[in-house]
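One structure is given here, and the rest of the page talks about it.
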Amino acid sequence: MSASRADRAGSVRPGRRAAPAAILIPPILIPLGALLLASAAHAQSQGPIRLGPPAADTARSVTVPVVPAGPDTPIILVPPPARPDAAPSPPPVADPITPAPAKPGTIQAAPLAAPDPDGAGVLDASNGGLGVLLWHGVPRGAVLRLLSELPLSVPSPTARSLMRRLLLTDAAAPPPAMDEGPPVRRFGALRVEALAGLGDPKGALDLAARLPGVLEDESAARAVVDAQLLQGTLDCPWAVETGKPFPTTYWQRLDLYCRARGGDRTGAALVLELLGGQNDADDSFRALAEAAIAGGVPPLRGLKDPAPLTLAMMRLISAPVSPDLLDLDPMRLAGVARLPSADPTTRVAAAERAATALYMDARALSEAYRAAPAKGDELYRLKDLAARDRGARVRGLVQQAFAGAADGNRRMALAAQAIDLLDPPMWAGPAGTVVAAMFDTVTVNVEAAPLAPAAVRLYEAQGRTEQVRRWRDLATRTGAGARLWPLAAAANPAAGGLSAWLDDALRGGDPSAPARAAGTLALLKALGADVPEEASRRVPADPPALPGEPMRWSQLDMAVKEGRVGETALLALVLLGEAGPAGTPPAVLARLAGALRTVGLENDARALAREAIVAQGL
């Protein structure tokens, strides 16, 4: 920059003090400007001016001297003190809406607490996780209570998938409430235990690897071991090492089982001697252990409630299986179905019940179906047989007959019979998968048109969109497409065909048809479908009776309003209950699906609706 440009820019040569810049004040503001400058100059010459009321002995009048001011003098305005004889200000009028500000409390310094590691997980946004803010705004105590209420045996692939993602998502752990003490059990331990209760011991162990010390919780560790025992995948060295800190009988029995399984009969006998006469509700374990050590098979009478460890010992020595075991919960039924000593009829019944609750997959169920025993010419009298018995053995016989049928018409008839034998909760699960494999071999042509509506429902329940499209086209060409509108609308809210479907649904004089149609429309409206007012007037408008505790529904509404994703999902699953979409009235399911959709879980909402529409024939 040149010297002249520097001068114009306001630069100052070394050794010279800059002259104060001229201040231009409009004529009308000269008195006020002079007053302010004079006050500032006086402040600079007298030192800092007190900020606040004067001392008690200070004069009440304020005099502003007029003296010259410098260019750098700060301007500080101090309001005059109140007159001692002035009337006090009236109290503020109470505002019925705005709360009064809280009085400030004592500020205390404290070190930051270490971050809670129990929020760690294996799922993130790239592989199905629900986000790091999943538990934002939800007190830890509320999350722990809801986790303990999850319906782990719900016969719904969608509900169980949502549970699994909730449990495995890598997110910040829910914070404790202000007045909340330390929890009885860790958040991470409850997550691991719930995953094991879903029949997913691998997922439980993957999660436990991210949560240091979580398997020091005995209930969580035992749940993982039980799940492995029932699946026949127990890692004995790991399990025995995990149980060392726990001085309970369960882990001693596990040590005995692992020794017997590994061929260490001497060690097993020593452990059995140390156990002495210790017994619990499942007192058949000792007889099984003695048989495993000495050889032979003990008579088991009255075995009605065996623990997973007892079922594993029965498998080890091929102990006889009583049909009474079919009364067990679905998770243990999966263990019964894997017992090689079980008779085929008991085995197929146990496998189907376990598979319906998603504790066995389609491959294991198909193997059990193939082992169902046929008597005489039953494979050729299936229609008469199915009229008397709609059980697992008959479904297995239909599978066997289909596998041996070469004639196309015979195969289509058996496929139709197989889908007719499916109970409502089975459509979306492994039993539906087995039947869908039959339909995969059927040629989609005019001869198969009578199967088209059922095929669309089956493939929709299984989430196989390409097959849905092929069979839906066939149903539409043959005039059966109108009754499938709810499924189309669940996938695409803009799908046409409502009027034709409603005409068909209300035709025939069925007294329950109007209420079913009303529930279906409510469900689809919750998913964003446009239902005209004219259609709504044709069905009852009575609000549904909501099951469960009213407080839970209020909590759901509040969680949705405040956008709390994790709490909304947990509450929706708890309110859905063990009945699942197949057993929940559509108008009730509409509330749950609408809640999930509002907080961003739209795919889960639509999948639940799809399961309900198929299973309930809406």
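Every number here is computed from the coordinates shown, using simple stated rules; none is lab data. The structure presented is a predicted model; accordingly, all values stated were derived computationally and were not measured. Don't worry about glycine lacking a Cβ; one is built from the backbone with ideal geometry, like all the others, and counts go over all protein chains shown.
General remarks:
- Using a Förster distance of 45 Å, the FRET efficiency for Ala172-Asp423 (Cβ separation, nearest 0.05): 0.60
- Distance from the Cα centroid of the stretch 207-283 to that of the stretch 502-553 is 52 Å (rounded to whole angstrom).
- Rounded to whole Hz, the Karplus (6.51, -1.76, 1.60) HN-Hα couplings of the stretch 206-223, x for glycine and proline: 4, 5, 4, 5, 8, 10, x, x, 5, 7, 6, 7, 4, 5, 5, 4, 5, 4
- Taking 7 Å steps out from each Cα toward its Cβ at Lys304 and Arg261 produces label points 2.9 nm apart.
- If R0 is taken as 45 Å, the Cβ-Cβ distance between Ala437 and Asp530 corresponds to a FRET efficiency of 0.75.
- Computed extension gain for Glu562 through Ala294, at 0.36 nm per residue and net of the alpha carbon distance, reaches 90.1 nm.
- Inter-label distance, Ala494 to Asn409: 4.5 nm, where each label sits 7 Å from its Cα along the C-beta direction.
- Only Cα pairs under 8 Å and 6+ residues apart enter the sum, and on that basis the relative contact order of the stretch 471-556 stands at 25 percent.
- Placing pseudo-labels 7 Å out from each Cα toward the beta carbon at Arg185 and Ala541 gives an inter-label distance of 4.8 nm.
- Nearby aspartates and glutamates by direct alpha-carbon distance to Lys383 (threshold 15 angstrom, same-chain neighbours under 8 apart not counted): Asp420
- Glu273-Asp206 FRET efficiency (beta carbon distance; Förster radius 35 Å; 0.05 resolution): 0.40
- Segment Ala449-Ser219, length gained on full extension (0.36 nm per residue, minus Cα span): 77.4 nm
- Amide N proximity, the stretch 462-482 versus Arg507 label position 7 Å along Cα-to-Cβ, cut-off under 18 Å: 475-482
- Shape call, the stretch 338-462: gyration tensor on alpha carbons, a/c limit 1.5: oblate
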